[in-house]
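Working notes, structure below.
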Amino acid sequence: MYRQAIENLKQWKDSPHRKPLLVTGIRQCGKTYLLKKFGEEYFDDVAYFYFEGNSRLASIFATDFDTIRILDELSIINHKKIIPGKTLMIFDEIQACPEALISLKYFFETLPKQHIVCAGSLLGVALKRNNISFPVGKVDRLKMYPMSFKEFLIANGHKALLDGLLKYKPDEPLPELYTTTLTKELKHYYLIGGLPEVVARWIETHDFSAVEALQDNLLEDYASDFSKYAPNVDVPKINWIWDSVPIQLARENNKFFFSHVKQGKRSKDLEDALEWLVNAGLVNKLDLVSVPELPLAFNADASYFKVYLADIGLLCRRCGLTADTVLYDSPYYKNFKGALTENFVFNELIYTNLHPYFWRSGNTAELDFIFEYQSQLVPVEAKAEIHTRAKSYGLFCKKYNPQTGFKLSLKNIGINDSGDTKTVSLPLYLLWNIKSYL
């Protein structure tokens with residue numbers, strides 16, 4: 001299955017300033033598979049090393065950081081000589097061996113021709129621990145996510161459909177051939193999500209019950225990780241927050257309240273547990289910006305935020321949404337549909353390397369998303385269906401006069417540039433292409 005991250009890996013491989021690469025991301029998002037595929041396609045050989053529970057492998061790094069010795073001994077385990085410039089070395093579950101992580105500094109300084117990529121199921125969590133030394137300035141980073149909607153389309157055999165979109169001008173409405181298929185696939189994506197194993201199960205079976213069974217197993221695996229990798233004192237708190245996220249998303253004002261997680265608990269009791277889930281890649285925070293000025297990060301209020309799940313399919317499964325409910329737009333699903341749409345939009349924006357926030361003006365208006373792009377402030381309003389009336393969006397544009405803004409919905413493409421702000425009506429299923437309108 002095609003992953004956009006392969007392009008990042010190719011750029012890293014050919015960069016004259018390349019450093020050992022740390023690949024982070026939610027467990028089961030396809031890191032190990034992609035790294036192996038990358039090695040097979042772009043190198044003469046691949047040397048794969050798995051650290052968890054492997055004391056023999058870890059012992060190689062326990063003596064010193066002589067990279068020539070380490071490379072020779074790794075070649076023995078690999079049963080084939082590792083050749084800098086020709087062999088890709090993959091260190092998997094590297095967080096299980098802190099000395100291997102430290103060694104990256106010495107590989108960078110003494111063997112820069114050796115390509116090294118590292119991954120781990122909870123590497124993001126491990127890197128935050130104070131007791132793990134990190135080679136600051138000596139590594140590159142790449143964060144992976146579940147498959148985007150575009151990647152989902154390609155995996156499901158719709159590459160020709162995507163290519164066909166190139167025939168149309170950006171402001172030209174799409175014919176029914178495209179809108180019907182893309183809307184249907186978007187609903188499938190809501191239910192299935194972007195975890196590669198789940199997507200593969202869907203492609204193999206086209207059976208929602210088979211997909212749901214696999215999602216249930218993965219959710220159990222994530223819960224097991226809490227006990228395995230988190231501090232014992234934080235495990236109950238992590239479970240409380242993990243269970244609270246879908247419930248808080250379903251509320252009309254879906255700001256995250258620590259007081260709603262567990263009665264009697266305050267933010268100072270639960271902040272570390274939420275941060276653990278963020279570092280694990282399982283959830284993402286959307287911070288408030290009340291003053292929309294550049295840079296947005298400087299004006300963000302990290303104490304007032306919303307929380308979204310990293311995978312839209314897991315959100316549907318955790319909420320117990322059935323395929324019929326989503327596919328046929330049950331009227332009883334009307335209120336939660338907005339939260340589901342927001343979660344989808346948030347994920348697609350970060351997949352596109354855009355860092356969103358949300359804007360609120362007291363109790364009078366709230367804009368779903370705002371991001372900065374090439375010195376522009378870009379407002380975004382998201383609607384679940386074809387209705388695009390957006391009072392808060394209009395208020396924001398009137399007050400701040402952004403150059404371009406977006407109304408996302410299931411409505412066909414349209415551009416209104418009659419006012420000071422060019423407003424693009426962009427279908428949700430084309431969100432991956434948002435940068436082409438900026």
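Please report, in debye to the nearest 20, how large the charge dipole of the range 379-438 is about its Cα centre when each Lys and Arg carries +1 at its beta carbon and each Asp and Glu carries -1 there.
Using Cβ point charges on Lys, Arg, Asp and Glu, the range 379-438 gives about 140 debye.
Of all the accessible heavy-atom surface of the range 149-306, with the other protein chains kept in place and a 1.4 Å probe, what percent is carbon and sulfur?
The nonpolar share, carbon plus sulfur, comes to 51 percent.
Over 25 Å between C-alpha atoms is what I'm after, so list which of K113/K138; K268/K334; K143/K228; K128/K383; K10/K228 land there.
Check vs 25 Å cut-off fails for K268/K334; K128/K383; K10/K228.
Computed FRET efficiency, Cβ-Cβ of T322 and K268, R0 30 Å: what is it to the nearest 0.05?
With R0 = 30 Å, the Cβ-Cβ based efficiency is 0.20.
What is the projected area of the convex hull of the Cα atoms of the range 62-207, averaged over all directions, in nm²?
About 13.6 nm², averaged over all directions.
Go through the range 83-94 residue by residue and turn each phi into a ³J(HN,Hα) via Karplus (6.51, -1.76, 1.60, θ = phi - 60°); whole Hz please, and just put x for glycine and proline.
Karplus-based 3J(HN,Hα) across the range 83-94 equals 10, x, x, 10, 9, 8, 9, 10, 9, 9, 6, 5 Hz.
Provide the per-residue ³J(HN,Hα) series for the range 416-427, in order, calculated from phi with Karplus coefficients 6.51, -1.76, 1.60 and θ = phi - 60°, each as a whole number of Hz, with x at glycine and proline positions.
Couplings: 10, 10, 7, x, 5, 10, 6, 9, 9, 8, 10, x Hz.
Based on Cβ point charges of +1 for Lys and Arg and -1 for Asp and Glu, what charge dipole magnitude is obtained for the chain about its Cα centre, in debye rounded to the nearest 20?
Computed about the Cα centre, the dipole is about 640 debye.
Express the accessible area of the chain per residue in Å², computed with a 1.4 Å probe while the remaining protein chains stay in the model.
46 Å²
What are the ³J(HN,Hα) couplings of the range 368-376, residue after residue, when phi is run through the Karplus curve with 6.51, -1.76, 1.60 and θ = phi - 60°? Round to Hz, x for glycine and proline.
4, 8, 8, 9, 10, 8, 6, 6, 9
Based on DSSP H runs of at least 4 residues, each adding -39500 (n - 2.57), what is the mean residue ellipticity at 222 nm of the chain after dividing by all its residues, to the nearest 500 deg cm²/dmol?
-13000 deg cm²/dmol
Which one, N412, Y429, Y2, is farthest towards the positive end of the dipole of the chain when Lys and Arg carry +1 and Asp and Glu -1 on their Cβ?
N412
Considering amide H positions built from the backbone, and no H for Pro or chain starts, which residues 5 or more places from C118, or on another chain, come under 5 Å of its amide H?
Counting only residues 5 or more places away or on other chains, the set is L21, L22, V23, F91.
Name the long-range amide H neighbours of I413: under 5 Å, sequence gap of 5 or more, or other chain; modelled H, no Pro or chain starts.
L174
Kindly provide the trypsin sites (Lys or Arg not before Pro) of the range 201-264 that DSSP labels as loop, not H, G, I, E or B, and whose Cβ sees at most 14 other Cβ atoms within 10 Å.
R251
May I ask you to list the chymotrypsin sites (Phe, Trp or Tyr not before Pro) in the range 13-62 that are in a DSSP loop and have at most 14 other Cβ atoms within 10 Å of their Cβ?
none
Farthest toward the dipole's positive end in the chain, which of S121, I94, L161, given Cβ charges of +1 (Lys, Arg) and -1 (Asp, Glu) about the Cα centre?
Final value for the positive-end residue is L161.
Report the charge-dipole magnitude of the range 248-325 in Debye, nearest 20, computed about the Cα centre from +1 at each Lys and Arg Cβ and -1 at each Asp and Glu Cβ.
It works out to roughly 320 debye.
Given labels modelled 7 Å from the Cα in the Cβ direction, how far is it in nm from T63 to K169?
Distance between label points: 7.0 nm.
So who's got an amide H within less than 5 Å of the one on Y48, skipping anything under 5 residues away but keeping other chains? H placed 1.01 Å off N, in plane.
Answer set, sorted by chain and number: I90.
Given V23, A302, T341, which one lies farthest toward the positive end of the charge dipole of the chain, if we put +1 on the Cβ of every Lys and Arg and -1 on the Cβ of every Asp and Glu?
In the chain, that residue is A302.
Helix by helix through the chain, keep the DSSP H runs that span 30 Å or more along the axis on Cα and average at least 0.5 on Kyte-Doolittle, and give those back in order.
Going by DSSP H runs, there are no hits.
What's the long-distance tail for the range 160-287, i.e. % of Cα pairs beyond 25 Å?
Here the tail beyond 25 Å accounts for 47 percent of pairs.
So for the pair A223, K398, with labels modelled 7 Å out along Cα→Cβ, what separation do we get in nm?
Between A223 and K398, the label points sit 4.9 nm apart.
I need the P(r) histogram for the range 220-273: all alpha carbon pairs, bin width 5 Å from 0 out to the longest distance, whole percents.
Bin by bin from 0 Å, the calculated values are 4, 20, 28, 22, 17, 7, 2.
The values are calculated or read from the model by the stated rules, or taken from the named source; none is laboratory data. Bear in mind the structure is a predicted one, so any value in this text is a computation, not a measurement. Using ideal geometry, Cβ is built from the backbone for each residue, glycine included, and neighbour counts are taken over all protein chains shown. These accessible areas exclude ligands, DNA and RNA; they are computed on the full protein's heavy atoms, side chains included. Shrake-Rupley method; radii C 1.70, N 1.55, O 1.52, S 1.80 Å.
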